[in-house]
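Below is one structure; the comments refer to it alone.
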Amino acid sequence: MATLNKNYNKLQGAYLFSEITKRVKNFVEKNPNIEIIKLGIGDTTEPLTKTVVKGLLSGVKKLGNKKTYTGYGEAQGDVRLRNALSDFYKERNIDLSLQEIFINDGAKADCANIQSIFGVDNVVAVADPVYPVYVDSSVISGRTGDFVNGKYEGLVYMECNEKNGFVPTPPLQKVDIIYLCNPNNPTGAVATFEQLKAFVDYAIKNKAVIIFDSAYAEYISDPSLPKSIYEIEGAKKCAIEINSFSKWAGFTGVRLGWSVVPLDLEIEDGQKGKVHALWSRRQGGSQGTMYNGASNIAQEGAFAVLSPLGRKENKKVIAYYMDNAKIIKKSLTKIGLKVFGGENAPYVWVKALPNLNSWQFFDKLLMEAHVVSTPGSGFGLQGEGYVRLSAFADKKNVKKAVESIKKNLSR
Ligand code: MLT
């Protein structure tokens, strides 16, 4: 008799974004003539740049020609692309061998799947508020108990709030796997060198591993802030970095990213190279057990993203979204709302009006201003009382949204 993975029963409600979609759909059905402005899910809206389109087209053309046709790719992804990524890291004085870079089809799957190479009894720590994928994948893989009073038993929550600028500090107890998202989704906060160093020091001391999700790193414009965990000394001994082309090059639909699993990584019961070997076994493209590699067309596109022209063009796209973030932040601050993030990250974290919880403020924004946000409580207990606004939108819509909030939001 086949049985189900009962851990799924512990998951709370629907995945956050499907609950939002449901509420918006209900509102639209009842109010078909009202135009809704979506600043909810962080999904890109600007088209791919010319250079990236050219790259993708060249990938398609290669597949249509017997001489250049390719089937399964290199085990860990296209060598040219991994070389370009290695050069990308060199700009920050980080040396990575090609063997340490694994091309994936976007960060989300790797953030969840990486758990499969660690022991099921490992204790996981997450920030609170947190990108739900880290929590749900910990639940599904059996690393938590039940959901009690807003928290999963067995999961360690690192509280982020106004007092600590929404940047977590390492847990007081011993944990084994630490998820960090930096720049942070949902709060838009970014950790300093010192704040990340505290995590690296903790991880080395406790032989823990940091899963560093840096999908929004290219949104950091402040040169004093680190973009990669490997800018912190010792991080190669304890950190896996997962990144993506989704948010800075418009690949949310194209799907492509990468993970770095250093050969020097050491954990409690493993020798150097063991974590790398396991990930390679799982994820090593046509030579791995559970993945056949990313699309060769998407990889051509990503190679174009990393070209000098691609980089230049995507800087403009990043600036476009960051200008949206600035407009949101400035306008909402002006009307007396307390606003965080949005300076080195495309998310703006807004404190709800007094006496409203996140979902009430979400409903108010939807019903009175017709703006879709993401309720902070969907990201954890500490997110209660906040909503997130995404800067990934057409500028005209962002301007309309803030005007509508200014005009229609009753107190
Ligand atoms: C978000 O809105 O948090 C993101 O779109 C989620 C994701 O990238 O998976």
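Computed values, structure above
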| item | result |
| --- | --- |
| Span from the the range 317-363 Cα centroid across to the the range 201-249 one, whole angstrom | 25 Å |
| Mean separation of Cα contacts under 8 Å (6+ apart) over length of the range 114-162, as relative contact order % | 44 percent |
| For the range 66-108, diffusion coefficient by Stokes-Einstein and Kirkwood Rh (Cα), 20 °C, 1.002 mPa s, µm²/s | 184 µm²/s |
| Sequence-separation-based contact order of the range 279-411, relative, with Cα cut under 8 Å and 6+ spacing, percent | 20 percent |
| CD proxy at 222 nm, helix term only [per DSSP H run n ≥ 4: -39500 (n - 2.57); per residue of the chain; nearest 500] | -11000 deg cm²/dmol |
| Accessible surface of the chain, 1.4 Å probe, proportion on carbon and sulfur as whole % | 54 percent |
| Cα gyration tensor, the range 318-411 - rounded (a/c under 1.5), prolate or oblate | oblate |
| Compactness index (Cα Rg / 2.2 N^0.38 Å), the range 51-309 | 1.00 |
| Semi-axes of the equivalent ellipsoid for the range 317-368, Cα gyration tensor, largest first, Å | 22, 11, 10 |
| Gain upon complete extension [Lys205, Lys50; 0.36 nm per residue less C-alpha separation] | 51.1 nm |
| Cα pair distances of the range 225-362 binned at 10 Å [whole percent] | 10, 25, 28, 23, 13, 2 |
| Rough spin-label spacing in nm, given labels placed 7 Å along Cα→Cβ, for Lys22 and Ala2 | 2.5 nm |
| Rough spin-label spacing in nm, given labels placed 7 Å along Cα→Cβ, for Tyr69 and Glu231 | 4.6 nm |
| Order by protection proxy (mean Cβ within 10 Å, highest first), peptides 280-288, 28-36, 373-381 | 373-381, 280-288, 28-36 |
| The chain: relative contact order in percent, alpha carbon pairs under 8 Å with at least 6 residues between | 23 percent |
| Per-peptide average of other Cβ atoms within 10 Å, ordering 48-59, 88-99 highest first | 48-59, 88-99 |
| Gaussian network model of the chain, Cα within-10 Å springs - most flexible of Glu19, Glu46, Glu313 | Glu19 |
| Sites Asp87 and Asn161, calculated FRET efficiency, Cβ-Cβ separation with R0 35 Å, nearest 0.05 | 0.35 |
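The values are calculated or read from the model by the stated rules, or taken from the named source; none is laboratory data. Worth saying up front: this structure is predicted, and the values here are computed from it rather than measured. Heads up, the Cβs are rebuilt from the backbone with ideal geometry, glycines too, and the neighbour counts pull from every protein chain shown. Accessible surface areas use protein heavy atoms only, side chains included; no ligands, DNA or RNA. Shrake-Rupley method; radii C 1.70, N 1.55, O 1.52, S 1.80 Å.
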